[in-house]
Each structure stands twice: as C-alpha cells, then as structure tokens.
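**Student:** The following block contains the structure, expressed as structure tokens.
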Amino acid sequence: MTSVIYIAILANIDYLANKRKTIMHGASATEVKNKFGQILEMAMTEPIAIEKNGRQVVVMMSMSEYQRLLEIEDRYWGEIALKAIEDGFLTVNDTKAWIERKLDVKAID
C-alpha cells in the first residue's frame with residue numbers, strides 16, 4: 001500500500017469501526033491459528049477483527065473488500081491532487097514562508 005488512508009476517509013473508517021465494534025466478529029490469534037479455514041471463510045463475507053493479548057490488532061478481510069478500500073483511497077488522493085492542480089502551486093518564496101511559519105524558524109537559502 002503506497003499511502004495511508006487520511007483525513008475524511010480515516011474519519012469515516014473510525015466512525016464505521018466504532019459503529020461496528022458491537023457488530024464485527026472477532027477472534028483471538030490462537031483461535032485463528034486453530035480454526036484458520038473456518039475463519040478464512042467467515043472473512044470472505046465480513047471483516048474479522050483479530051485480537052492478541054485482548055487487543056484488536058489486525059483485520060482479516062476478503063480481497064474484494066481490500067481492493068474496494070484501495071479504490072476509495074485512490075479516488076480520494078486523486079481528488080486531492082486535482083484540487084491542488086486547480087488551486088495552483090506555491091512559489092519558492094511562498095513555500096519558504098510557509099515552512100518558516102510551520103517551523104517558526106528561518107528557512108535556509
């Protein structure tokens with residue numbers, strides 16, 4: 001995966017994750033190891049939260065769901081890139097000023 005899902009997508013995923021906490025099936029890592037085939041079949045129809053030491057650490061999901069999420073991410077970043085192109089780019093001086101404001105220091109020439 002070339003980038004991490006950010007901003008609106010993260011907020012949406014966080015919302016869905018919180019909403020699904022009571023709905024999403026879960027399994028311990030040991031259970032996954034012992035019942036891999038059965039849990040794999042379950043993951044084909046819905047994501048499975050896998051826990052280690054009582055904490056959800058990964059999600060097992062179907063390849064089609066994973067590809068759907070990647071497509072959403074690609075569309076999101078594509079829209080961000082198009083907006084950046086439409087809005088124009090900063091000049092060198094504007095970029096230096098932005099960096100100085102963010103770092104609260106003078107940019108090196």
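**Student:** Taking the range 34-65 on its own, how many of its residues are of a type in the set (Lys, Arg) and either closer than 15 Å to MET24 by Cα or out of contact with any helix residue (DSSP H, G or I) (no Cβ under 9 Å at 6 or more places or on another chain) (or both)?
**Tutor:** 2
**Student:** Give me the helices (runs of 4 or more DSSP H) completely within the chain, filtered to those with at least 1 residues that are touching a Phe, Trp or Tyr at 6+ places or on another chain (Cβ under 7 Å) and at pLDDT below 95, ordered by residue number.
**Tutor:** Counting at least 1 such residues, we get 7-20.
The values are calculated or read from the model by the stated rules, or taken from the named source; none is laboratory data. Quick caveat, the model's predicted, so the values are computed rather than measured. Positions of Cβ are generated from backbone atoms using ideal geometry, with glycine treated the same way; all protein chains shown enter the neighbour counts.
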